[in-house]
Amino acid sequence: MKGIGTDEDAILMLLTARSNDQRQQIKAAYKKAYGKDLVSALKSELGGLFESLIVALMTPPVSYDASQLQKALKGAGTNDEVLIEIMASRTGEQIKEIIKVYKKEFGGKLEKDICGDTTGHYQKLLVILLQGSREEGVDESKIEKDAKDLYAAGEGKFGTDEEKFITILGNRSAEHLRKVFDAYKKISGSDIEDSIKGETTGNLEDLLLAVVKCARSVPEFFAERLYKSMRRAGTDDDTLMRIMVSRSEVDMLDIRASFKKKYGASLYTTIQVLLTQTQSCYQPSTGVSVYFTSGFL
């Protein structure tokens, strides 16, 4: 970054070849050596999507999740896709850490801010997920009852008992829910997802479906999210970037495998083709190369 111009490739290769923990150490060493904040320096040298990606990579994972939620909630309107994605996919411990960091960095309570932007059963399920207190393990004595209760709350009656869906899907462990879904299919002859689609609408439907998909397989959930982000009219760069950054050190290899199995193409190739087609939207020497040389794929 010294002098006129910026060696973007050097920045790219250095930062993407390191773990987030190592980047935090580099950030601290940079400030000690040069008396400047590395992230601020990077912002002054870069621009566009490449800047956004590099800054995201320099942010600790919990702080990144907290910042994405704050961004989704601030101002007019709410980015429900971000709320649903994060709240449905993070573990209870991760959610508790996000709440702490959110309060420290943004001076507010996450639950209060979510309640201020949401309503009804959708809000109630978000608040339950915010508690980060899912039951552990599998309770064999509850599997059949939970499946029957879900059926009775939806397909088995006129109208829908949303409360029952929220209570069971919001509080049981993923392992337990997978067994409940199997039992539900034996009772109703259809998947729980079909019942949710037929009985609920809007944000509640989207959140319930996300919870179910994450209970079945978190990598498959993100593989689907990535696919959809690249199959709209114009790429959803925010979603693409958010998932690549937040899952790169968590389960990216599993996401790759799920993507290949579900869509018959490698995630690497799909992003390569996408960025080649939209190269004009990216800065020279950064856009197409970012994901390929980063170690993400």
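When the helices (runs of 4 or more DSSP H) confined to region 71-173 are screened for residues that are open to solvent by less than 20 Å² (accessible area, probe 1.4 Å) and not polar (S, T, N, Q), those reaching at least 3 such residues are found at 80-89, 92-106, 120-130, 140-153, 162-171.
Tallying residues that are more than 25 Å from ASP251 (Cα to Cα) and either of a type in the set (Val, Ile, Thr) or not assigned by the TED database to the domain that holds ALA41 (or both) within region 11-29 yields 0. Failed condition for THR235, given (1) among the hydroxyl-bearing types (Ser, Thr, Tyr); (2) modelled with pLDDT under 95; (3) within 18 Å of ASP139 (Cα to Cα), with all others met? Of (1) among the hydroxyl-bearing types (Ser, Thr, Tyr); (2) modelled with pLDDT under 95; (3) within 18 Å of ASP139 (Cα to Cα), only one is false for THR235: (3).
Residues of region 28-38 that are surrounded by fewer than 17 Cβ atoms within 10 Å (Cβ to Cβ) and assigned to a helix (DSSP H, G or I): ALA28, ALA29, TYR30, LYS31, LYS32, ALA33, TYR34. Taking region 180-271 and the helices (runs of 4 or more DSSP H) fully enclosed by it, the elements with 2 or more residues that are open to solvent by 70 Å² or more (accessible area, probe 1.4 Å) are at 192-199, 202-216, 218-229, 252-263.
The values are calculated or read from the model by the stated rules, or taken from the named source; none is laboratory data. Quick caveat: nothing in here was measured; it's all calculated off a predicted structure. We place every Cβ from the backbone using ideal geometry, glycine too, and count neighbours over all the protein chains shown. Surface accessibility is based on the protein's heavy atoms, side chains included, excluding ligands, DNA and RNA. Shrake-Rupley method; radii C 1.70, N 1.55, O 1.52, S 1.80 Å.
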